Amino acid sequence: MKNPLKEWDEQGLSAFHIKTTLVASAGTFVDGYDLTAGSLVFPLIEKSLGQGLVGSSEILFLSIILGNFLGAIIFGYLARHGRKKFYGIDAMLMSLGAFAQAFISTPLQLAVVRFLLGLGIGADYVLSPLVNAEYANRKDRGKLMAISGGLMWNVGALGSTLMTLAVANSLPPDLAWRIVLASGAIPALIVIYARRKFPETPRYMLYIKKDPKELQEKYGIKVDQTPNVKVEWSKIWLTLLLAALTWYIFDIAAYAGVFFGPNVIAQSIGVNGIIFELIVLLAFAIPGNVISFFTNDKLGRKFVQAVGFTGMGIATILFALYGLKSTALVALSLLGLSNIMSQIGPGTVVGFWGIELFPTLIRGVTSAITVMAGRTGVITTTLLVPIILQSQGLQFTMILLGVISLMGALVTMFLKEPKHKSLDEFEYIEGEMEM
């Protein structure tokens with residue numbers, strides 16, 4: 001009875017796992033696409049809407065991140081009432097918000113539709129990894145979550161970079177940025193129907209819905225006794241705090257590069273912003289995700305995240321001290337090293353902790369809390385980095401971000417390791433000893 005879903009956990013990798021992972025990936029793709037697109041068309045929007053650096057940053061980024069925050073809260077709570085039930089509404093919000101960006105005429109209108117887009121993305125940040133993990137088998141869960149997480153975020157970023165490259169120089173600026181931002185609706189639309197076709201997750205059926213009959217009908221798994229589960233917050237609050245803190249730290253450090261890399265940082269080393277983004281993604285970020293795909297199930301989440309944070313911090317500090325004074329090749333190499341280490345570690349696995357370390361009954365809430373911590377980190381970056389850049393300069397800003405990354409490595413060492421463990425090991429089943 002300690003692992004009533006052992007049959008599901010121990011099965012091999014199947015076509016079902018691949019399909020559910022690809023469908024779960026869509027929301028992360030849209031997030032990477034839209035946030036990167038916003039940074040790439042940043043100069044065009046500044047001119048089109050007559051806003052400065054701080055004003056454009058708040059319109060483009062703060063609005064969408066605030067939407068993420070609220071979306072995570074709402075749908076993290078609602079996940080307790082069904083995963084599948086809401087696993088399409090988030091994609092609908094994303095498609096509407098992205099498409100509406102083509103038709104705005106004022107900064108306020110853009111902020112409103114970006115907030116709507118962010119609402120859907122925030123919901124998806126909670127639901128997609130949660131659903132993906134609950135569908136996954138034990139042995140390959142880290143690989144599957146790596147695909148639907150960091151890898152697809154960067155593939156989305158690559159897609160928006162290629163789109164921007166295709167239209168930026170061939171269309172009027174006011175039209176180009178609208179097309180780039182609105183095209184993010186396409187991948188969201190594709191998955192709305194697909195998501196509605198998948199059954200509810202087996203763990204939701206067993207631990208929350210308590211319907212062994214449906215579990216047997218949908219998955220062929222027979223459970224003689226429905227377990228009574230309880231939540232012991234005294235045993236999990238510290239773990240949740242640490243998990244949330246690592247995501248907060250990562251997003252402060254990482255999103256400064258996402259938001260300001262293609263314009264502020266690229267300009268400082270004399271590289272075109274779009275070319276800069278292509279180099280970072282193709283040569284460093286996506287390869288880092290691939291390395292994490294192959295290693296996080298073998299070496300463990302803690303190891304790859306701690307090493308990733310450390311490498312990210314050291315490379316960022318070296319860029320600040322030496323890269324800014326050296327050639328573009330040296331500067332790009334140091335930034336690239338920071339990016340590859342980032343994606344080997346926290347850029348891929350930081351979202352795992354809120355899912356893998358907590359029981360099914362509250363997994364939506366714990367996922368939401370870690371997502372909100374990350375979004376709070378992005379808000380911190382959005383509000384403070386432009387001010388620090390303008391008052392203290394790029395070198396000081398990068399050193400500060402490097403130190404923050406090193407703090408992330410320290411916090412990671414206090415987390416539990418979930419590799420090779422069944423999600424059932426984190427259930428608190430009445431009448432049984434804690435595993």
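The values are calculated or read from the model by the stated rules, or taken from the named source; none is laboratory data. Predicted model only: the values in this text are computed from it and were never measured. Here Cβ is always computed from backbone atoms with ideal geometry, including for glycine, and neighbour counts include all displayed protein chains. Accessible surface areas use protein heavy atoms only, side chains included; no ligands, DNA or RNA. Shrake-Rupley method; radii C 1.70, N 1.55, O 1.52, S 1.80 Å.
On a 28 Å Cα-Cα criterion, which of the cross-link pairs 197/222; 6/416; 6/230; 230/298; 85/230 come out too long?
In this structure, 230/298 exceed 28 Å between Cα atoms.
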> Considering the values (1) 37, 24, 18; (2) 43, 33, 21; (3) 47, 21, 19, which represents semi-axes √(5λ) of the Cα gyration tensor in Å as calculated for the structure under consideration?
Replying inline: (1)
>> Just to verify a number: what accessible area does residue 307 come out at with the full protein assembly present, 1.4 Å probe, Å² rounded to tens?
In response: 60 Å²
>> What is the sum of charges, Lys and Arg at +1 and Asp and Glu at -1, for the other residues whose Cβ falls under 10 Å from the Cβ of residue 101?
In response: +1
>> Can you give me the Kirkwood hydrodynamic radius for segment 74-132, using every pair of distinct Cα atoms, in Å to one decimal?
In response: 11.9 Å
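Expressed as a fraction of 2.2 N^0.38 Å, the rule-of-thumb size for a compact globular protein of N residues, what is the C-alpha radius of gyration of segment 99-245? Walk me through the intermediate numbers first.
On the way: Rg = 20.8 Å, N = 147, 2.2 N^0.38 = 14.7 Å.
For segment 99-245, the normalised Cα radius of gyration comes out at 1.42.
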> Can you give the longest stretch of the chain with no exposed loop site, where a site means GluC sites (Glu not before Pro) in a DSSP loop (not H, G, I, E or B) with at most 11 other C-beta atoms within 10 Å?
Replying inline: 1-231
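Net charge near residue 139, counting Lys/Arg +1 and Asp/Glu -1 over other residues with Cβ under 13 Å of its Cβ?
Details: positive: 6, 138, 141, 143, 298, 419, 421; negative: 9, 10, 140, 297.
My count for the surroundings of residue 139 gives +3.
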>> Straight-line reach from residue 213: which aspartates and glutamates fall under 20 Å, measuring Cα to Cα and dropping same-chain residues less than 8 apart?
In response: 7, 9, 134, 200, 224, 424
>> Nearest 10 degrees is fine. How inclined is helix 63-78 to the longest principal axis of the chain, computing both from alpha carbons?
In response: 0 degrees
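Taking all protein chains as present, what is the carbon and sulfur share of the accessible area of the chain, in % to the nearest whole number, probe 1.4 Å?
Working: 11130 of 16350 Å².
Of the solvent-accessible surface of the chain, carbon and sulfur hold 68 percent.
For a quick check of your reading of the filter: which chymotrypsin sites (Phe, Trp or Tyr not before Pro) in segment 343-419 sit in a DSSP loop and have no more than 15 other Cβ atoms within 10 Å? Could the numbers behind the result be given before it?
Values: sites: 352, 353, 396, 414; in loops: 352, 414.
Those satisfying the criteria are 414.
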> What percentages, rounded to whole numbers, describe P(r) for segment 170-251 computed over all alpha carbon pairs with 5 Å bin width beginning at zero?
Replying inline: 3, 10, 11, 8, 9, 12, 16, 12, 7, 5, 4, 3, 1, 0
> Under a 5 Å amide H to amide H cut-off, with H placed in plane at 1.01 Å, what residues pair with residue 221 once short-range neighbours are removed?
Replying inline: 216
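Using only alpha carbons, build the gyration tensor for segment 109-163 and give me the equivalent ellipsoid semi-axes, biggest first, whole Å. Walk me through the intermediate numbers first.
Details: eigenvalues 141, 52, 5 Å².
Taking √(5λ) for each eigenvalue gives 27, 16, 5 Å, largest first.
For segment 198-277, which trypsin sites (Lys or Arg not before Pro) are in a loop by DSSP, counting at most 11 other Cβ atoms within 10 Å? Please report the intermediate quantities before stating the final value.
Working: sites: 203, 209, 210, 213, 218, 222, 230, 235; in loops: 209, 210, 222, 230.
Passing sites in segment 198-277 are 222, 230.
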> Efficiency by 1/(1 + (r/R0)^6): what FRET value for residue 47 and residue 322, r their Cβ-Cβ distance, R0 = 56 Å, to the nearest 0.05?
Replying inline: 0.95
> Hey, what's the Kirkwood Rh for segment 140-187 if you take every pair of different alpha carbons, in angstrom?
Replying inline: 12.1 Å
>> On alpha carbon coordinates alone, what is the Rg over Rh value for segment 260-363, Rh being the Kirkwood radius?
In response: 1.08
> Could you give P(r) for segment 200-312, binned at 10 Å from zero, as whole percent values over all Cα-Cα pairs?
Replying inline: 11, 23, 23, 23, 14, 6, 1
> Based solely on its DSSP helices, what 222 nm [θ] is calculated for the chain when runs of n ≥ 4 H residues each add -39,500 (n - 2.57) and the sum is averaged over all residues, nearest 500 deg cm²/dmol?
Replying inline: -22000 deg cm²/dmol
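So for segment 367-417, Kirkwood radius off the Cα pairs, Stokes-Einstein at 10 °C and 1.306 mPa s: how many µm² s⁻¹? Mind showing how you got there, number by number?
Details: Rh = 12.5 Å.
After rounding, the answer is 127 µm²/s.
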> What residues qualify as long-range amide H neighbours of residue 83, i.e. H under 5 Å apart, gap of 5 or more or another chain, H built at 1.01 Å from N?
Replying inline: 201
